[in-house]
Amino acid sequence: MPVGLQQWPTGKARAKKRPVGAQEPCGGAEKATRAKGKRELMSASGGNKAIVAALGANLAIAASKFVAFAFSGSSSMLAEGVHSVADSGNQFLLLIGGKKAQREATPQHPFGYGRERYIYAFLVSIVLFSIGGMFAIYEGYEKISHPHPVEHWYWPVGVLVFAIIAEGFSFRTAIKESNELRGKLSWAQFIRRAKAPELPVVLLEDFGALIGLVLALGGVGIALLTGNGVWDGIGTVCIGVLLVAIALVLASETKSLLLGEAAGLEDVKKIEAAIVDGDTVTGVIHMRTLHLGPEELLVAAKIAVQHDDTAAEVANAIDRAEARIREAVPIARVIYLEPDIYSAAEAAKGPDPLATPGGPNPHPADH
C-alpha cells in the first residue's frame, strides 16, 4: 500500500495523505539521497570512463585492422576488424542507454527509465553474438574451405601488436574503475552481482578482445611458418567461438537484471535494521526489494506496529523509518511501508502471491 495512502489496519482511523508530488520528509537522509551516494556516483562515472577508453581504443584498432586486411588478405584481420567495429557500436549503445536512463519519470513510466541501461546492455550481447561472433565463424569456415597464404605478413603482425597494446590500455582502465567498486568480491562474483551493467560489459569485451588478438596472432603466425592459410581460418573460427561464448554470458547476466533483481544481502540487512525503531515500529513482517535501475531501489514492506498506537503516531513513525532507510541505503528512492498488527501465524505465510500490489491485505493480521 503506498505510503501516501496509508490506512490503519482496523480501518477505523485515517493516516495522513500527502499531496501528489510533495516531497517526503527525509531529514538528514535528504542530503544523502540528493547526492545519490558515493558508491553509485563512482559506478556511473567509472563506467563512463571505461566506456570512453574502450571506444577510443576500438575505433583506432578497427581502422588499423581493415588496413592490414586490405594489404594481407588475412581472414583473422577481417574478423578482428568486424569485431572492433561491433565493440565500438556496443560502446555507443552503452552511452545511449546511460543517457536515456537519466530521463525524468512520467505518468506512463512512474518509476523512471533506469532500466534503459539494462536494455541497451542486452542489445550489446546481441550485437556481439551476431555481428562479431557469427561473422567470425563464417569467415573462418570460408578461409578453411578456400585457404590462401597470408601476404605482406608485417601488416597483420604489426597491427595485432598495436591492437594488443591499445586493448591492454582499455582493459587496464576497466580494471582500475571496477576495483573501486568490487571490494573483496572475485571477478566472477563482481560480474554476476553488479547492478550497473557498463563495467561488466566493458570488462568482458576487453578481455575477449585481448584473447581474440592472441588467437589471431597465433593463427597468422602459424600460417606464416607453415605456409598453410588454413591456420589463419582456424584462428578466425576460434575468435568467433570466443565472442559467442562471451555474448551468451552477457545475455544471461543482463536478462537477470531485466527481469528484476532484489537488493544485495548487505543492503537488505541495512534496510531491515533502519525500519525498526523498537518503539512504534517493532519489526518487519515481510519485505520485498527491486532494482528499478542500477542506482534506483524500490522497497516495499509490511511493518509491525503497536496495537494501541494512533494513526498519527504510525504515520510519523513511517516518515522517520523512510528517513533512516534513505540514510542507510541512499539508492532506496521509492519506499512503500504498510503498517499492520503483528501475528506470527500470518507473518509465516508471507505476502500473498495472488494479491494485487497496493490492494487490500488478504490476510489481515489484526485479529
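The values are calculated or read from the model by the stated rules, or taken from the named source; none is laboratory data. Computed from a predicted structure; not experimentally measured. Neighbour counts run over all protein chains shown; Cβ positions are idealised from the backbone, glycine included.
So Lys99 fits all but one of (1) without any contact (Cβ under 8 Å) to a residue 60 or more places away in the chain; (2) of a type in the set (D, E, K, R); (3) over 24 Å from Leu292 (Cβ atoms); what number is the exception?
Unmet condition: (3).
Within region 196-213, is there a residue that is over 20 Å from Ala57 (Cα atoms), under 15 Å from the mean Cα position of the chain (by Cα), assigned to a loop (DSSP other than H, G, I, E, B) and small (Gly, Ala, Ser)?
Looking for residues that are over 20 Å from Ala57 (Cα atoms), under 15 Å from the mean Cα position of the chain (by Cα), assigned to a loop (DSSP other than H, G, I, E, B) and small (Gly, Ala, Ser), one finds at least one in region 196-213, hence yes.
Of the residues that sit in region 82-117 and are among the acidic types (Asp, Glu) and surrounded by 15 or more Cβ atoms within 10 Å (Cβ to Cβ), which one is modelled with the highest pLDDT?
Step one: list which residues in region 82-117 are among the acidic types (Asp, Glu), which gives 87, 104, 116.
Then drop every residue that is not surrounded by 15 or more Cβ atoms within 10 Å (Cβ to Cβ), which leaves 87, 116.
On the way: Asp87: 81, Glu116: 89.
That would be Glu116.
Would it be correct to say that Gly264 is crowded, with 18+ Cβ neighbours inside 10 Å and under 30 Å from Pro200 (Cα atoms)?
Values: crowded, with 18+ Cβ neighbours inside 10 Å: no; under 30 Å from Pro200 (Cα atoms): yes.
So Gly264 does not fit the description; no.
State all residues of region 109-166 that are assigned to a helix (DSSP H, G or I) and touching a strand residue (DSSP E or B) at 6+ places or on another chain (Cβ under 9 Å); if no residue qualifies, say none. Can you show your working first?
Taking region 109-166 and keeping what is assigned to a helix (DSSP H, G or I), we get 116-145, 154-166.
Result: Glu116, Arg117, Tyr118.
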